[in-house]
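The values are calculated or read from the model by the stated rules, or taken from the named source; none is laboratory data. Model, not experiment: these values are computed from the prediction. Reconstructed Cβ throughout: ideal geometry from the backbone, glycine too, with neighbour counts over all protein chains shown. Accessible surface is based on the protein model in full, side chains and every heavy atom, while ligands, DNA and RNA are left aside. Shrake-Rupley method; radii C 1.70, N 1.55, O 1.52, S 1.80 Å.
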Amino acid sequence: MGNPIKIVSYNVNGLRQRVSQFGSLSNLLNTFDADIICFQETKLRRQELTSDLVIADGYESFFSCTRTKDKGRTGYSGVATFCRVKSAFSSTEVALPVAAEEGFTGFIDRCKRNEGLEEFEKDELVKVDSEGRCVVTDHNHFVLFNLYGPRAAHDDTERIEFKMKFFKILQKRWENLLHEGRRVFVVGDLNIAPTAMDRCDADSDFEKNEFRRWFRSILMMSGGLFVDVFRAKHPDRREAYTCWSSSTGAELFNFGSRIDHILCAGPCLHQEHDLQGHNFLSCHVKECDILTQYKRWKPGDSTRWKGGRGIKLEGSDHAPVYMSLEEICDIPRHSTPPLSARYLPMIHGVQQTLVTLLMKRQAATQIQSSRISSSFSDGDATIKACSESIKRSFNECSVSRPSTSPSCSLTEEFDSAISKRDENSKDLTDENQGCPDTTMILQSQHTKFVPAEGTKKKPRKSRCSQLSLRSFFQKSPNLSTGAENSSTNASPSQAEPNTSSYSNGSHAPGDKSSSPRHCQLNPSAGSQYQDKGNDGSLEREKNNVALLEWQRIQQLMRNSIPVCKGHKEPCVARIVKKPGRTFGHRFFVCSRAEGPVSNPEANCGYFKWASSKSQRK
């Protein structure tokens, strides 16, 4: 008696978005309660495989990413297989693969073609594996192919040829494994709806498509080797779809297609092969169904034409499908294959040698010591240069001093402050080293020795705090009346350079105005500050006018939107994105969700070009 196994296939339409939707990768995986989870269309490049997207406790993961440089294909497609295991090493669990392979041709992992593909050229094999569309995991009892089939428009001959080559090579690989007696499971988004029953709007020529004919040819009902597990379990179920157009809201009326499949081929695990009806499907497949609870639109959500247009629907445009197996016995002990994401360099890291580690540590120590020595040498040079500049500025100062004692004490205080560089180096050598900052600090010390009228200016709480712009346009209360008059009588040509070039508190070298009694700005700058305030009000007035004009244009656009003939409701505007003569043109369609023609609540099919020019084309 064996163990049950549950396999889930889900086109996530961006793994990063689904992880964000569920909060974490673990939450996303645990919602399925499955042993093997196969994701398609992960939309991750190799360099984007971070731990939060590939590593989850209790799971081993295997990724395949796009490698092509073709325009529009980078960061596109991609598949990933997650296996829930109790241990990644020395395990007997079937969910943990004994081998794993990125791609199916053999050229990605081994640079050598797999058996049975000799008839194909190397360039053909490399090309079909370059878009990250397959991960193969060998679980001893069966070989599992996680696939994301190519999509090809009916008029794109290049992609049609690529898609057909892709499935032809795959078929050869499957047939070779089955010839060896292996069981093969194929799960994923194959981008093929095999019969008219699997498509909402299938016409009489629907099943004549070459890919649908190929799909049916590999099934047992047409003489092939595979079983469409869902259709075998539910042969008469209609409207069983797994994909819906997200742009037209087709989920509301279940107007979609069944393109996500689970196929199986090979004998059952029992030894009595001669019993009547003894096959893998009847012996081991318990159930296969669609997990419709993962659809974007759920019952109770507001429809788009009844106020629900602004509601963001989270989720993929696909629904997962699952298969439950039973009586699957354990396999011999084995460990996780080398393809496991735990061994990726961006996750596991690259092992360093002991010599490399010691060399990096030695280099870091040398860099740190050189920084310390250079900071001390720069500090000495800065302090010496600034001390000379300060002494020279005070010697040239023409302001009369009431006595000589304050001057002497001031000079002594400067000399003592400069000599104690170890104590004051933190204040003098900050982020902006240089004489101007030091001169400003020492100047503030000088003001307490100069007689001043009125109240003294309050010192700042911190020397590192930033001055406000308004403070540069205010008079200092520490200056005498004579200094104020001399500063007021200064010509504008002398005041402007100090305002523009030394507004941070520093002074022009060699200028007598750098003295503490001549460092005030021109009072006329206050009017300039007032003019800037007037400019701000004018700018706000212009913005208000622009806003009103834009609202008027939007109202005109609303009035120009036509109403559909079926429901008499405003249409929605769309743009042609398909290359051609009408590329980029706008048109209007019915705002309701796409659905069956027989349903009056569905889209009525109204269409109108936004301009007569586009309509003539």
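Summary table
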| read-out | value |
| --- | --- |
| Residue identified as crowded, with 21+ Cβ neighbours inside 10 Å, free of Cβ contacts under 8 Å to residues at least 60 places away in the same chain and under 39 Å from the mean Cα position of the chain (by Cα) among Lys172, Lys163 | Lys163 |
| Hits in the stretch 49-61 - residues which are crowded, with 21+ Cβ neighbours inside 10 Å and charged (D, E, K, R) | Glu60 |
| Test for Ala80: is it at pLDDT 95 or above, surrounded by fewer than 18 Cβ atoms within 10 Å (Cβ to Cβ), out of contact with any Lys or Arg (no Cβ under 9 Å at 6 or more places or on another chain) and under 19 Å from Tyr343 (Cβ atoms) | no |
| The stretch 317-329 residues that are farther than 14 Å from Ile262 by Cβ and part of a loop (DSSP other than H, G, I, E, B), paired with ones that are open to solvent by 10 Å² or more (accessible area, probe 1.4 Å) and not aromatic (Phe, Trp, Tyr) (beta carbon under 6 Å, 6 or more apart) | Asp317/Asn13; Asp317/Ser246; Cys329/Gly2 |
| Hits in the stretch 198-219 (condition: modelled with pLDDT under 95 and either of a type in the set (A, V, I, L, M) or part of a loop (DSSP other than H, G, I, E, B) (or both)) | Cys200, Asp201, Ala202, Asp203, Ser204, Asp205, Asn209 |
| Enumeration of residues in the stretch 21-48 that are within 20 Å of Val85 (Cβ to Cβ) and open to solvent by less than 10 Å² (accessible area, probe 1.4 Å) | Leu25, Leu28, Leu29, Phe32, Ala34, Ile36, Ile37, Cys38, Phe39 |
| Condition check for Phe89: more than 24 Å from Gln293 (Cβ to Cβ) and in contact with a helix residue (DSSP H, G or I) (Cβ under 7 Å, 6 or more places away or on another chain) | no |
| Any hit, the stretch 258-280, residues being surrounded by 18 or more Cβ atoms within 10 Å (Cβ to Cβ), among the small types (Gly, Ala, Ser), in the same structural domain as Thr42 (by the TED database) and under 26 Å from Ala34 (Cα atoms) | yes |
| Subset of the stretch 219-229 [within 39 Å of the chain's Cα centre (by Cα) and open to solvent by less than 20 Å² (accessible area, probe 1.4 Å)] | Phe226, Asp228, Val229 |
| Boolean, Asn209 is open to solvent by 10 Å² or more (accessible area, probe 1.4 Å) and in contact (Cβ under 8 Å) with a residue 24 or more places away in the chain | no |
| Residues (aliphatic (A, V, I, L, M) and open to solvent by 10 Å² or more (accessible area, probe 1.4 Å)) located in the stretch 175-188 | Leu177, Leu178 |
| Hits in the stretch 230-251 (condition: open to solvent by 40 Å² or more (accessible area, probe 1.4 Å) and aliphatic (A, V, I, L, M)) | Ala232 |
| Sole exception among (1) among the aromatic types (Phe, Trp, Tyr); (2) touching a strand residue (DSSP E or B) at 6+ places or on another chain (Cβ under 8 Å); (3) open to solvent by 70 Å² or more (accessible area, probe 1.4 Å) for Phe89, by number | (2) |
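So that you can scan it fast, the table gives a plain yes or no per residue for (1) open to solvent by 30 Å² or more (accessible area, probe 1.4 Å); (2) in contact with an Asp or Glu (Cβ under 8 Å, 6 or more places away or on another chain); (3) at pLDDT 95 or above:
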position: Gly72; (1), (2), (3): yes, no, no
position: Arg84; (1), (2), (3): yes, yes, yes
position: Pro97; (1), (2), (3): no, yes, yes
position: Ala100; (1), (2), (3): no, yes, yes
position: Asp109; (1), (2), (3): yes, yes, no
position: Glu118; (1), (2), (3): yes, no, no
position: Asp123; (1), (2), (3): yes, no, no
position: Val135; (1), (2), (3): no, yes, yes
position: Val143; (1), (2), (3): no, no, yes
